[in-house]
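The values are calculated or read from the model by the stated rules, or taken from the named source; none is laboratory data. The shown structure was predicted, so the numbers you read here are calculated from the model rather than taken from an experiment. Using ideal geometry, Cβ is built from the backbone for each residue, glycine included, and neighbour counts are taken over all protein chains shown. The protein model used for the area step is the full one, side chains on, heavy atoms only, and it has no ligands, DNA or RNA in it. Shrake-Rupley method; radii C 1.70, N 1.55, O 1.52, S 1.80 Å.
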Amino acid sequence: MIPGQFNYHRPTTVGEASRLLSTLGTEARPLAGGHSLIPMMKLRLATPEHLVDLQGIEGLRGIRREGGRIVVGAMTTQHDLLASSEIAQSLPILHETALLIADPQVRYRGTIGGNVANGDPGNDMPALMMTLGATYRLEGPTGTRGVPAADFYQGAYFTALEQGEILTSVSIPLPAAGHGYAYEKLKRKVGDYATAAAAVILTRAGGRVVSCAIGLTNLSEKPLLATEAAQAVIGTSLDEATLKKAATAAQAIMSPAADARGPVEYRKHVGGVMVVRALQRAAGRAA
Ligand SMILES: Cc1cc2nc3c(=O)[nH]c(=O)nc-3n(C[C@H](O)[C@H](O)[C@H](O)COP(=O)(O)OP(=O)(O)OC[C@H]3O[C@@H](n4cnc5c(N)ncnc54)[C@H](O)[C@@H]3O)c2cc1C
């Protein structure tokens, strides 16, 4: 339970952090809240020789509105998200999801940047960001680029981040007024990662679904967008047959690991249940 030796760096600008990461190479890792990286180091599943701490960089923390988008700085903690009235009003699904992550102790330290950059299929924010159509801002030695969350995840712990790049913010388009939302998460106990979870954002008019996006957490080696399942509910009143069709379409793209949270068939089954519950709750909340 004691990490191996490492060198500690505390840059004060993104440029300095990026230069350090580029120069030190693959043995260097950014450190944000440390609530994924440090446990992995304690278990010797990660053995970086250099930690580049992002805590000393000003301007990476905070929530602001930019036109029709909410921009969240990478070092904004999960607690900051929960304390924000802007998030509660404009992006209530982000508030709901943050509240389902771990416990207050973890949420005081864990950051949105660390959660989405980590690449762990068990993290809750990545599938939500895909559902919301968010874009990640990455800054590195060759400049700045925006990568849609939907294109960011390549496999377990593999992302679009290049050596030396730092994720500096997450930009989220505001969902339509009157949208319905839900993040349904099944976990073995309070504070646990998801056995299966589903995020839904939808709009309704005249009792029928007009638009819908569905994201899935911990049901594959990377977060998933259940596009066919979402398509199946558009134009419907979300009757029983449609809900079943959506669950079946979502289950068709799930490939969870068999682990302490259950065998594959069980996790796919409860994955379908999460999709149905999230659709029903989102529909009930839609204006
Ligand atoms: C007991 C426990 C329960 C938990 N339960 C959940 C849960 O239910 N759901 C959930 O989603 N999470 C859970 N977590 C994880 C927690 O949310 C982490 O805080 C989060 O995954 C990582 O955020 P961090 O700021 O701590 O990042 P760190 O641990 O510091 O970093 C994580 C990884 O991301 C990289 N990184 C960090 N920031 C950046 C950046 N800005 N740019 C580029 N790379 C970066 C790091 O190099 C590292 O590889 C749990 C953690 C614990 C300890």
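Just a few scattered comments:
- Of all residues in the stretch 36-67 being part of a loop (DSSP other than H, G, I, E, B) and either in contact with a strand residue (DSSP E or B) (Cβ under 6 Å, 6 or more places away or on another chain) or acidic (Asp, Glu) (or both), the one that is modelled with the lowest pLDDT: 58
- Applying the condition of being farther than 19 Å from residue 222 by Cα and open to solvent by 80 Å² or more (accessible area, probe 1.4 Å) to the stretch 249-280 and asking which residue is farthest from the chain's Cα centre (by Cα) yields 280.
- Out of 12, 76, one residue alone is over 26 Å from residue 133 (Cα atoms), more than 9 Å from the ligand (Cβ to nearest atom) and among the β-branched types (Val, Ile, Thr). It is 12.
- In the condition set (1) out of contact with any Asp or Glu (no Cβ under 6 Å at 6 or more places or on another chain); (2) surrounded by 21 or more Cβ atoms within 10 Å (Cβ to Cβ); (3) over 25 Å from residue 89 (Cβ atoms), residue 149 is compliant with all but (3).
- Picking from residues in the stretch 194-206 that are over 10 Å from residue 100 (Cβ atoms) and within 16 Å of the chain's Cα centre (by Cα), the one that is surrounded by the fewest Cβ atoms within 10 Å (Cβ to Cβ) is 195.
- Every residue from the stretch 194-217 that is farther than 22 Å from residue 92 by Cβ and within 16 Å of the ligand (Cβ to nearest atom): 195
- Matching residues in the stretch 119-137 - criterion: being surrounded by fewer than 22 Cβ atoms within 10 Å (Cβ to Cβ) and either among the aromatic types (Phe, Trp, Tyr) or within 12 Å of the ligand (Cβ to nearest atom) (or both): 119, 120, 122, 137
- Condition met for residue 211 (of a type in the set (Gly, Ala, Ser) and either without any contact (Cβ under 8 Å) to a residue 24 or more places away in the chain or closer than 30 Å to residue 22 by Cα (or both)): no
- Filter pass, residue 258 being more than 23 Å from residue 95 (Cβ to Cβ) and without any contact (Cβ under 8 Å) to a residue 60 or more places away in the chain: yes
- Of the residues making up the stretch 154-193, not one is more than 10 Å from the ligand (Cβ to nearest atom), hydroxyl-bearing (Ser, Thr, Tyr) and under 26 Å from residue 46 (Cα atoms).
- Among the conditions (1) more than 10 Å from the ligand (Cβ to nearest atom); (2) over 12 Å from residue 4 (Cα atoms); (3) assigned to a loop (DSSP other than H, G, I, E, B), residue 70 misses just one, which is (3).
- Residue ID - farthest from the chain's Cα centre (by Cα), chosen from residues in the stretch 43-84 that are open to solvent by 70 Å² or more (accessible area, probe 1.4 Å) and on the phi > 0 side of the Ramachandran plot: 44
- Hits in the stretch 13-42 - residues which are open to solvent by 80 Å² or more (accessible area, probe 1.4 Å), under 26 Å from the mean Cα position of the chain (by Cα) and closer than 16 Å to residue 53 by Cβ: 29
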